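The structure appears right after this line, and notes come after that.
The values are calculated or read from the model by the stated rules, or taken from the named source; none is laboratory data. Quick caveat, the model's predicted, so the values are computed rather than measured. Every residue, glycine as well, gets a Cβ built from its backbone with ideal geometry; the counts of neighbours run over all protein chains shown. With ligands, DNA and RNA removed, areas are computed over all heavy atoms of the protein, side chains included. Shrake-Rupley method; radii C 1.70, N 1.55, O 1.52, S 1.80 Å.
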Amino acid sequence: QVQLVESGGGLVQAGGSLRLSCAASRSIFSINMMGWYRQAPGKQRELVATLSIGAKTNYADSVKGRFTISRNSAMNSVNLQMNNLKPEDTAVYYCKGSNGGDNYWGQGTQVTVSS
């Protein structure tokens, strides 16, 4: 079991940057996959970026080259650096951890990008 708490969301103008953090209640070293997902109003939740064991990363096409997922050296948080933000990036961003058949979600943090 692990609790996840996101932070770092807010309001930013198009072209700006934000850094989201996901703090875990324990080390994420043994968790198979950590990721960021987002859900815009009226839309389904979608994958943004994932970080798997072996430091393998995966990004949605819409964020490639603009977003970077990483974890801290203490192995207890996962970050999402978001650059060149666009209005279509506006959504609630959720942190997720997956380990075997178990999935853990944070409560989400709102990101709003104004044009």
Checklist line | Number of positions in segment 23-40 that are open to solvent by less than 50 Å² (accessible area, probe 1.4 Å), assigned to a loop (DSSP other than H, G, I, E, B) and farther than 18 Å from GLY9 by Cβ | finding: 2
Notebook entry, point to check: Limited to segment 85-105, what total is found for residues that are farther than 25 Å from GLY15 by Cβ and either among the β-branched types (Val, Ile, Thr) or part of a strand (DSSP E or B) (or both)?
Noted result: 8
Notebook entry, point to check: Assuming ILE53 fulfils every condition listed in (1) under 12 Å from the mean Cα position of the chain (by Cα); (2) β-branched (Val, Ile, Thr); (3) open to solvent by 20 Å² or more (accessible area, probe 1.4 Å) apart from one, which condition is it?
Noted result: (1)
Check: Quick one: LYS43 ticks every box in (1) closer than 22 Å to GLN1 by Cα; (2) at pLDDT 95 or above; (3) open to solvent by 60 Å² or more (accessible area, probe 1.4 Å); (4) of a type outside the set (Val, Ile, Thr) bar one, so which box is it?
Finding: (1)
Margin query: Out of everything in segment 83-109 that is over 15 Å from SER21 (Cβ atoms) and of a type in the set (S, T, N, Q), what residue ends up being least open to solvent (accessible area, probe 1.4 Å)?
Written below: SER98
Next item on the list: Go through segment 1-22 residue by residue and tally those that are open to solvent by 50 Å² or more (accessible area, probe 1.4 Å) and assigned to a strand (DSSP E or B).
Entry: 5
Next item on the list: Please verify whether segment 69-84 includes one or more residues that are under 20 Å from VAL111 (Cα atoms) and part of a helix (DSSP H, G or I).
Entry: no
